[in-house]
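The values are calculated or read from the model by the stated rules, or taken from the named source; none is laboratory data. The model shown is predicted, which means the values in this text are computed figures rather than measured ones. For neighbour counting, all protein chains shown are included, and Cβ atoms are generated from backbone atoms with ideal geometry for every residue, glycine included.
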Number of protein chains: 2
Amino acid sequence: MKAEGVQGSGDARLKAAAFLAKAMSDENRLRIICVLANGQKSVSEIVDALHISQPLASHHLKELKRSLLVTVERSGPFVYYGLADKRLIKTLAALSDLATDLLARRTVL
Amino acid sequence: MKAEGVQGSGDARLKAAAFLAKAMSDENRLRIICVLANGQKSVSEIVDALHISQPLASHHLKELKRSLLVTVERSGPFVYYGLADKRLIKTLAALSDLATDLLARRTVL
DNA sequence: ACCTGATATAAGTATATGCTTATATGTTTG
DNA sequence: CAAACATATAAGCATATACTTATATCAGGT
């Protein structure tokens, strides 16, 4: 018999992890996450911070929203995006540390 | 002036993180990582464990190698793949935990 | 050398994704 | 309502990627 507990099947967990990794697999999206780490930001603030076009920012924000990584809140003409979970920052840091090490190791060899 | 230290520019760090996330954005590759968590495995062992075709396994192993996530070692007719860094397991677990929570939260709301 | 098993590559297809330019929607203010 | 600003969507293009089927390479045994 199967005893899955609360966390769902290993299959579902891997699927979810792949989904999250995909959402984090674009540099512009990671830059957005970094900006949002300092609190909610409007689209235009994000555009200014990243130096990308407004439609491109909108596109990535839509993707981040679809992947549940960000929250959306409208206030007047502005739309404020924020991180859905603070652990995103830690997770991003872990990815970054590991990736940097892997690359550095390769450069040396 | 810029004081970057040993870890490279934030830009390079994000690029590296995006690269790693992309490598981890496929469920079959995550399944391979899970299998390799128990030690080196040959291609056919991986094929048997995942129930995927041999060329597909080879394709993903090539991608994992290109992304520096796995080591390759030939022994006779067999090619053994292993994890390049044990932190991959922890990182995958972190991704999985966070992703599962995000999805669960959404399901509830 | 030949055969068998293990792995890699090639070719082809379908789909997805990142980006740009142009346009639409929505909100506030005069 | 019109004008101005903030954001979203549409259309189009180029590239990447996951997968399948078929074939090639490579190593070991007879």
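Some points to look at:
- B:Q40 falls short of the stated requirement of being within 16 Å of DNA strand C (Cβ to nearest atom) and loosely packed, with under 14 Cβ neighbours inside 10 Å.
- Residue in segment B:69-78 that is within 16 Å of the chain's Cα centre (by Cα), among the β-branched types (V, I, T), buried (at least 17 other Cβ atoms within 10 Å of the Cβ) and at pLDDT 95 or above present: yes
- Counting only helices (runs of 4 or more DSSP H) wholly contained in segment A:10-64, the ones carrying 3 or more residues that are within 11 Å of chain B (Cβ to nearest Cβ) and without any contact (Cβ under 8 Å) to a residue 12 or more places away in the chain occupy A:10-23.
- Within segment B:11-26, the set of residues being over 13 Å from B:E63 (Cβ atoms) and of a type outside the set (A, V, I, L, M, F, W, C) comprises B:D11, B:R13, B:K15.
- Of residues in segment B:65-95 being within 11 Å of chain A (Cβ to nearest Cβ) and in contact with a Ser or Thr (Cβ under 6 Å, 6 or more places away or on another chain), the one farthest from DNA strand D (Cβ to nearest atom): B:A94
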